[in-house]
Each structure stands twice: as C-alpha cells, then as structure tokens.
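Read the structure below first, then the notes.
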Amino acid sequence: MNYKNSKLIDNEEQLYFDFDSFQKMVLNDYKLARISREISILGRKEVLNGRAKFGIFGDGKEIPQLAMAKVFKNGDYRSGYYRDQTFMIAIGVLTVKNFFSQLYAHSDLKEEPVSSGRMMTSHFGTRFLNKDGNWKNNLIQQKNSSADVSSTAAQMPRLLGLAQASTIYKKLKNLKKTHKMFSHNGNEVAFGTIGNASISEGLFWETLNAASVLQIPIILSIWDDEYGISVPNKYQFSKKNISDLLYGFHRNKKEKGIEIIRVNGANYIDLIKTYFKADKIARNEHVPVIIHVACLTQPQGHSTSSSHERYKSKKRLEWEMNNDGINKFRDWILNFKFQINQKNNRKIVDNVCILDKIDIEAKDYVRNEKEKAWKAFQKSINKIKNEVFSILDQIQNNHEEEKWIKKYIRELHYTNKSYPTKKSIFCIARKVFCLLSEKKSNSKDFFKKWLNKKYHEEQKNYSSHLYSLSEKASVRITEVFPIYNNNDTKKVDGRIILRENFDKLLELHPDLLIFGEDVGKIGDVNQGLEGLQKKYGKIRVFDTGIRESTILGQGIGLAMRGLRPIVEIQYIDYVLYALQIMSDDLACLQYRTKGGQKAPVIIRTRGHRLEGIWHSGSPMGGIINYLRGILVLVPRNMVKAAGFYNTLLHGDDPALVVECLNGYRIKEKLPKNLGLFRTPIGIVEKTRTGKDITMITYGSTWRIVNEAAEELSNINNIDSEIIDIQSLLPFDIQKDIVKSLQKTNRLLIIDEDVPGGASAYILQKILEEQNGYYYLDSPPVTITAQEHRPPYGSDGDYFSKPSVENIVEKVLKIMHDS
C-alpha cells in the first residue's frame, strides 16, 4: 500500500502531519490494541482459574475503537456497552489495573473508580460528581461516559438525551453562563455503541426513529461480528447487510434522516477516515450518524459462560482467525510503504522484530498490572482476615473451655486460602460469635463491637447511594406551606393549579424542560400545561412521538448533562413501556456508580381511580419493587402534586409523580406562592384526627376514605384517624404512623392496588420496621381492589375497587371483633 504524500487522512483540524508523527501514532495504536487483547485473554483465564466470577471482553473490536477514540473530544459523552475496553483505555479514562480491579469486584473506589466493584467487568463509566454528590465543574474539560447497562440495547434511550442536550445548549443562549460546566455552546457529540444482535431490540429502532426526527449530534457504532451469543445474524434480522436494513432512515436531499456509513472493521485507515467524516457531520451539522463496522470477530466467544466452538462452524472459526483485526493491522503495518520520491520509500517498521517486541511488552505490562490489581484486592481482604485471627486467638486464651474455637481458627486459615473472600471470613466470625457461651468477657464484648462495626461498614460499602446523599437530597428539602388569600374563597379546577404552578416553575428555572406525548401544542391531555409552549417556546415545552422508553431516555440523558427535565408518561399503564429503562438504568444509576453519576429526571404520570381496563388502575406494588432508587410520590390532589414538583426541582433525586386521573376537574383553592410551596418527601400527613382506628391510604382513594370516615362518625360515632401516605418511596421516615397506632390500637390500610400489592409493602413498613404490631389490639386489615383490572363503567368500578361501603363495613367488623 503506497501513499504519495503526508496528507494521509482527510481531516482539516489535526492530522496533516509528517511521516514520523504518523509512524508514532500507528505503533502506539498497535501497542494499545495488543494491550487490550491481552486484557481479554488474561481476564478470561482469571475467571476460569477461579479468581473472578464472570468475564466479558472486547476482543475483536480493538481497531475500530482506536479510530473512534481519535474524534472523541473533551466534553463528549459515551453511552455504550460491555465491548468498549479499547476505547476507554484509548481516551485515557481506564487503566489496565482498573479493569482487573473491576473483574475482581474490588470495593474500593481508588482501585475501581467506575463502580467500586458493584458492576460486573467491562461495564464502564466516568465520574460526573464530586464526593459530596454535586456536579464536577470540569465536565467539558474531561471525556465522559455514562454508566453502562448490561441489558441489551438499554444504553440506547439515554443516548438521545445526551445528544439532545447539545442542541438545547446551542439554542438556549441564556444558559451559556449558568451551565458553562456542562456545555461549550452545544459543541459536544454523544457516541453510542451497540452489538449487531442487539439491534433486534425495539429500543434500538425506537431510538433511531427519534434521533432521525430530532436531528441531534449522535455517532452510533454497530460492532458487527455476525453473532448474538450463539445466534447468527440470519435469525436476528431480515437483510444480510445491516446497512441495507437501515436504508429507510438514510437522509437525502429532500428529507432529513441519518447518515449511514459502512466500513470494514479491520481497515485501519478507512476506519479513521470514516470516524473523522462522521464527526464532521454530527458535530457541525447536528445530524445523527450510524457507522456499521462490519467484518469483526470474537476470538474468545461471547463471554466466559460459553465457548464459541460449540456453535460456530470450523469454516467460520477459520475465517475469524484469518480476519482478526489485530492480525490484519499487523500485516498492514509490515506491508506499508510511504513513497518519498520515485526511488525511495519509508516503512513504518523495518522488520517484524519491532512488532514482536511490542507484543512481548504488552503481555508483560498487562500481566504486571493484573498482579498489582490482585494484590491490592487481596490486601483489603487479608486485613479483615488478620483482625479476625487476632480476635479469635484472644477469645481462645480467655475461654480455654471453648476448645471448639480451634476448629474455626483452622477453618479460617484454610478456607479460600488462595482466594479468600469477605463472605467466607464473616461466615466463620458470625458463627463463632453465635456459638460462644453466655459467659461475659472483655474479649467477647470487643468481638461483638468489632463484628457489628465491621459488618455495618462492609454492608454500607455495598449498599450505599441508592438515593442521593448530597445536600440536595430531596428528603432534606424542608416543607413550605401553600399560602392562600383569606378573602378569596373561589376554587379552581385542579388542572389550573398545575398549569399556573408549571408556568411559575418555567419562569424560575431556565433549565427546566417539559415534554412528552401531547404536552406541547395542546398542553397535555388534561390541559395542565395549557398555553405554556406558546409562552416559553418549543425548545422548553415540546411534543414527542408515542415512544415511552425513549421519552424517559431523553430525560435521563438531559438530566445527566445538567438540565432539569420533567418527562410525561401519559398514563400509568404506559409506564410499563418504560419500566425496564426506569429500573435497569435510572433507578440504580447512583447506586451502581457509588455516587459517581446522577440523573434527577422527574417523571410525571396519572393514574388511580378512573374506570376502565386501561389508563386507570394502580399497579403500585410492581412499581415500588422495580423502582427502588426512584422516589415514588402519590399526591391526593393537585396542590400536593404541585408542591412535589416544587420540592423535586430543589433536590437531585429522580422521581415518579402519579397524579390522580380523576382530580383535574375537582375544585381546589389556588395558592398565592406558586412555584415556592413545597410538599415534603417521605413525610405522611394526618388529615383527620381520631382515637378509634387508624386508616392509611394515598392518592384518589383518600377521598373515599374521607367520606367513609364522615359516615362512621355521623352514624356510628366511630372516631377515625386518617393518614395520607403521600410518598411510597421513601416511606414515613419520621415513623408517624406508629404514633397513631399507639393511640388507636387498630389499623386499616385502604389501597386500590391488587391484594398483596402496595398494601403488603405498607404493612411490612408499619409492622416490621416501625414495630407497629406491639400496639395492635386486633389483626391489621387491608382493603384492596380485586385481582383483575377495573372494568369499564361506574358499576364495574364499584364492584372491583374499594368503596365507601366496603370501608364502613370493614371498620364496623374490626370494632366489633376487638
């Protein structure tokens, strides 16, 4: 291969360099590719020899990732998946030692800064937050990666928001000063990566369609090695060529769309040219680009859980050996000639020995870094082990009659001698403590204190940061009561309260965005945003297509980049479309990065009491179990809902707010301090004081409970206390419900979820966590909806959900039985 001049790569900015610079770049890239391959090889061995649990690696994808890294600039964002180790090393945010620390699940952020050992190997990310949970002020000076998600194609939805943020920052000039840490005039590109088989997922197509409509700066690479674990491409999609499958999205002179480029994954120069071309289009034109990187291989198969010799033919395996990207790169280097003039050429290397030396150096380097990571991992565990040895020796000396302790000392010595775990150490330590006699001693007291302290430390090490721990944590935001004009007794529809409050919030928070289906032009299906798009513009209040997963994904990406989105999911049953992304990505984001990333997106929806199989119902039990890590708020009216939005915009937790679907036309007084009053999070509200029975409820059912309480008081002289939960996650953090039980000694929970749904969660919180059972004179009782969805019509609603009569009859029975 001959080149006649030094203009080796078409790029206006940097790569007009001389041959020496080019030679240095190529050899550095070759060495990095070899290092990455050795990581994959040694990483697999570490799993197979028992040092690590599971391994999945990026072998076969090295060369295109080197090319992609050349156009990834400071301030850019990645939303990728578990094959991108070469890229992460190339952009300087991952070291070999870091990689192996994650493989071993080292729970020390200094050693494993991505997740502190919480995410499995090859799940990457960078830290967006300082230790205090606030945003770092240098995000546009660093290369950024959102935290990976293992579920196939789950990285796609947030890619939209990461890219759309650049478009918004480019257009909203008023944010240039206040949000300068997040964007430099919207010049950032969002890079996505996905495997060929994962494009079969609906999330991929939903994201592609949305990106084509939005016209945002995305570069999406499809790593195509023609397999999805054991299933070849012919079973994944209808066309042989992925590029042909995507053709309908291709932009042309008449219609907007996506630029689609296909490139051979082993052609080093073509890959670099392709990525510079893609970067120019995405960064300058804000047009999404897909790069289909074809002809890739998977030298070690999918992961350590399988061997590709089981499902690939000999012919395919032979093809992969012959077309391995690094081998092709090596051959290209050896055959490359740079023509200086008609008689003289220059080579990148004069002989193969130079590359052989790089191969050896790469192997040695990776092996040494691996051992450093292993020793650091072992050191932290051996420290605990030695402390337990010391304590058990002391106990044995003070309790000579306890001969059996020697057995456990020996067991501790030999258990996992080569690869000790914290689990094995704590199992023995806790067992010994349980078996110790009742005889008191200083050594036993010390052991108890040590065990409690150390176990708590380690549990926190693995369980912290499910919710925000920063000064902006929503539970720290103090309540501000709504203020009313005493001379004005006029009431308005609930939707007016929301509309006026959202109006004020858009005025107070220039970075607030509100979007979703029917949100823009008509101001949502219940007119809670009526006229606000006209007032604040289509950039801040806008419509989307019918695509819940990517509406949420937009919100996640936008929130990751410092904006404050409220995303609307039109009805609560539509939340099911987005539930996977809410659970797998948003809910665990702070947890899986151990406080390294956050996305304080607010999800607005409506549900509860309306009649009908769809758009109604109250599936809160499923929601609260899937969404630990997201606040779940259930206001009984629109003043309370508005107060929640006000609180959340002062905090930094993600949240789901479920408005009462039958509450938009119910009259309420309009507060004067719109946008400023705050409903507290995690705090219940006693809405009726009583002495005979405590009734717990939330949402639309509160009105029915209130009506039942009036009837019980007027007819039966029963004095009911009503507590509105308001917040399911978190739940009654001041433990006010148990204080009510201390007075009434009777408990009734009214919930329109299915039996054993949210009511079971509420019972567990009250009886177990608050020890409420100590104060009950009769068994706790629940009233729930039937197991089926609510039928259409008033009669169907009456016979399938809690009614006033159900509550009255149940209370009378409780009072009679006790």
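Observations
- Diagonalising the gyration tensor over the Cα atoms of segment 471-588 and scaling each eigenvalue by 5 before taking the square root yields semi-axes of 26, 19, 15 Å, largest first.
- Where N is the number of residues in segment 99-215, Cα Rg divided by 2.2 N^0.38 Å: 1.21
- Where the Cα pairs of segment 474-669 fall when distances are cut into 5 Å bins, in %: 1, 8, 16, 21, 22, 17, 9, 4, 1, 0, 0
- Note on segment 685-817: Cα convex hull, mean projected area over all directions, 7.6 nm².
- Based on Cα atoms of segment 541-642, Rg over Rh with Rh as the Kirkwood radius reads 0.96.
- Nearest 10 degrees, 0 to 90: helix 638-648 Cα axis against the chain principal axis: 40 degrees
- Packing rank of 21-30, 51-60, where each peptide gets the mean count of other beta carbons within 10 Å, highest leading: 51-60, 21-30
- Put simply, the convex hull of the Cα atoms in segment 166-256 casts, on average, a shadow of 7.6 nm².
- Cα Rg over Rh - segment 281-425, Kirkwood: 1.26
- Full-stretch length increase - residue 431, residue 313 - with 0.36 nm per residue and alpha-carbon distance subtracted: 37.3 nm
- Cβ charges +1 (Lys, Arg) and -1 (Asp, Glu), total dipole of the chain, debye: 2780 debye
- Sites residue 375 and residue 539, calculated FRET efficiency, Cβ-Cβ separation with R0 60 Å, nearest 0.05: 0.70
- Above-threshold pairs, the threshold being 23 Å between Cα atoms, out of 669/743; 73/136; 31/136; 254/534: 669/743; 31/136; 254/534
- Reachable aspartates and glutamates, given that their alpha-carbon falls under 14 Å from the alpha-carbon of residue 672 and they are not under 8 places away in the same chain: 488, 500, 503
- Per-peptide average of other Cβ atoms within 10 Å, ordering 94-100, 160-166, 684-690, 173-179 highest first: 160-166, 94-100, 684-690, 173-179
- Crossing angle, helix 494-508 versus the chain [Cα axis fit, 0-90 degrees, rounded to tens]: 40 degrees
- The alpha carbon centroids of segment 257-319 and segment 471-528 are separated by 47 Å.
- Pair-distance distribution of segment 362-463: all C-alpha pairs, bin width 5 Å, starting at 0; shares per bin in whole percent are 2, 11, 22, 21, 16, 11, 7, 4, 3, 2, 1, 0.
- Cα→Cβ-extended label distance, 7 Å offset, between residue 716 and residue 448, nm: 4.7 nm
- Average silhouette area of the chain, convex hull of alpha-carbon atoms, in square nanometres: 42.3 nm²
- Under 24 Å from the Cα of residue 448 - lysines, other chains or at least 8 residues apart: 379, 383, 385, 403, 406, 407, 422, 423, 431, 439, 440, 460
- Between segment 620-660 and segment 730-761, the alpha-carbon center distance in angstrom: 18 Å
FYI, it's all coordinate maths here, none of it is from the lab. In this text, all values refer to a predicted model and were calculated from it rather than measured experimentally. Using ideal geometry, Cβ is built from the backbone for each residue, glycine included, and neighbour counts are taken over all protein chains shown.
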